[in-house]
Every structure is written in structure tokens, then in C-alpha cells.
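To start, the structure under review is shown below, and the notes come after it.
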Amino acid sequence: MTPKGSEREHYWRVQRMAHAAGADPAAAWAAGRLDAPRWQALIERCRDCPWRAGCARWLARIERTDPDTPAAPPRACLNAEAITALTRPTSEKDRPE
């Protein structure tokens, strides 16, 4: 069994993945679409993910080549679905005008 990575490392990895996908965790939090337990679950899933090396390479490539164009999280990411959900408003009041 691979040991879990540090919480700090994976906190920032989740932030980077969210940014790469065009998600804004702070805006999702403010809109009530993200709370502390869900955020902690994202970090814990990231810490448990067996795709760490691939993730690091994918993020480095995205950040190096086109950091301002959102990219769908890779299917290998255990948080892909949750991060993708953070990129979409869930109600009319959350949609930009």
C-alpha cells in the first residue's frame, strides 16, 4: 500500500486541478456549492489516488502549455467528476449575467 501524500501537497494539487479545469473553489464555496466536508473529501481522495505521478505530469504540461484554457480533468483523476461539477453553476442565481 502506498502511503498517503501530505495534506498540504494535495490541498495545492486539488487547487491546481480545479484551476486547470476552470473551476473556482472559492466561488463555489461562496455560492454554497462547496462546503468544508466536501472540500476535505476532495483532498482525501487526492491523497489516496494511485495516479500521482501521472497527475503531476498532466498538471505540469497544462500549466506550461496553456494555463488559461480550461481542460477537463483526466479520467484517471479520482476527483474528475467532482471538479467538473464545480465548473458548472447549479442554479440560475449562480450563472454569470
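R64 satisfies every condition listed in (1) surrounded by 16 or more Cβ atoms within 10 Å (Cβ to Cβ); (2) under 20 Å from E9 (Cβ atoms) except (1). Taken together, the residues in the stretch 2-23 that are small (G, A, S), within 17 Å of R64 (Cα to Cα) and touching a helix residue (DSSP H, G or I) at 6+ places or on another chain (Cβ under 6 Å) amount to 3. Of all residues in the stretch 1-20, those that are touching a residue at least 12 places away in the same chain (Cβ under 8 Å) have Cβ atoms under 9 Å from Cβ atoms of residues that are exposed (fewer than 15 other Cβ atoms within 10 Å of the Cβ) and basic (K, R), 6 or more apart or on another chain, in H10/K4. Mind checking whether some residue in the stretch 63-79 is part of a helix (DSSP H, G or I), modelled with pLDDT under 95 and of a type in the set (V, I, T)? Yes, there is a match, as at least one residue in the stretch 63-79 is part of a helix (DSSP H, G or I), modelled with pLDDT under 95 and of a type in the set (V, I, T). Is it the case that the stretch 13-25 has a residue that's more than 15 Å from E81 (Cα to Cα) and assigned to a loop (DSSP other than H, G, I, E, B)? There is no residue in the stretch 13-25 that is more than 15 Å from E81 (Cα to Cα) and assigned to a loop (DSSP other than H, G, I, E, B). So is A60 modelled with pLDDT under 95 and over 18 Å from S6 (Cα atoms) or not? The answer is no for A60.
The values are calculated or read from the model by the stated rules, or taken from the named source; none is laboratory data. Note that this is a predicted model, so its numbers are computed, not measured. Neighbour counts run over all protein chains shown; Cβ positions are idealised from the backbone, glycine included.
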